[in-house]
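*Asks:* Below is one structure. I have some questions about it.
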Amino acid sequence: MNEILNNRIAEIRKDRGLTQTELAERAGLPQSNISRAESGQSSIEVKCRIAGALDLPVPDVFPDMTAIL
């Protein structure tokens, strides 16, 4: 399941024509945070910022967080 979620982040980012650096700039994060998120190592705060930068509700990007929100 985690691998699917990680691929989802990269998939959405690539579909939008964004590099990790561009997404990081939009989210106000270092590029390394995007890389870690795409490999399944990110905090709730980082996940929320990535979803916001992609203009999507958090559960659309990170379905595993539905119960938390």
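The values are calculated or read from the model by the stated rules, or taken from the named source; none is laboratory data. In this text the structure is predicted, and so the values were computed from the model without any measurement. What goes into the accessible areas is simple: the full protein's heavy atoms, side chains included, and nothing from ligands, DNA or RNA. Shrake-Rupley method; radii C 1.70, N 1.55, O 1.52, S 1.80 Å.
*Asks:* Put Leu18, Leu56 in order of accessible area, largest first, 1.4 Å probe: what do you get?
*Replies:* On the way: Leu18 15, Leu56 45 Å².
Ranked list, largest accessible area first: Leu56, Leu18.
*Asks:* OK, next. How long is the gain from Ser39 to Leu56 if the chain were fully straight, where each residue apart is worth 0.36 nm and the alpha carbon distance is subtracted?
*Replies:* Details: separation 17, 0.36 × 17 = 6.12 nm, distance 1.97 nm.
The Ser39-Leu56 span can extend by a further 4.1 nm.
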